[in-house]
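These notes concern the structure reproduced below.
The values are calculated or read from the model by the stated rules, or taken from the named source; none is laboratory data. Keep in mind the model is a prediction, meaning the values are calculated, not measured. Counting neighbours? That spans all protein chains shown, and the Cβs are built from the backbone with ideal geometry, glycine included.
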Amino acid sequence: MHKFPSGSGYYIYIEASSPRVLNDTARIVSAAITSTSSKCLHFWYHMYGTHVNTLNVYKMVGTGLGTPVWTRTGTRSDQWYNANVDIQVLLCLSCFFFLILV
């Protein structure tokens, strides 16, 4: 992880062009979340360039990822974007969140 110049946070850099190959996958996995109330996953992302594909957020309950609860595909403007994903964790004794770049 690298610290922002302002000192206010961190980011993880994943190269989207060579030497990566099509459908390479990088995963960021949260710690387990145990709650009986709704939560909001808040993060920033930057998807700019000709080789940018898809960023997915999954809620994992048990052993399966299921379908994404949030997704972005393709290049965007050369800037950071804020994302907020409302997550229903009712009946989720132990949930994990995956940010997956394909």
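A few points about this structure:
- Here is the figure for region 8-24: residues that are surrounded by 10 or more Cβ atoms within 10 Å (Cβ to Cβ) and either under 18 Å from the mean Cα position of the chain (by Cα) or within 15 Å of Met47 (Cα to Cα) (or both) total 7.
- Residue within region 69-77 that is modelled with pLDDT of 80 or more, charged (D, E, K, R) and surrounded by 15 or more Cβ atoms within 10 Å (Cβ to Cβ) present: yes
- Test: residue in region 20-31 that is charged (D, E, K, R) and under 18 Å from Val69 (Cα atoms): yes
- Filter result (among the small types (Gly, Ala, Ser) and surrounded by 12 or more Cβ atoms within 10 Å (Cβ to Cβ)) within region 43-67: Gly49
- Residue in region 35-42 that is exposed (fewer than 10 other Cβ atoms within 10 Å of the Cβ) and modelled with pLDDT under 75 present: yes
- Restricting attention to region 80-102, the residues that are more than 22 Å from Arg20 (Cβ to Cβ), at pLDDT 80 or above and touching a Phe, Trp or Tyr at 6+ places or on another chain (Cβ under 8 Å) add up to 3.
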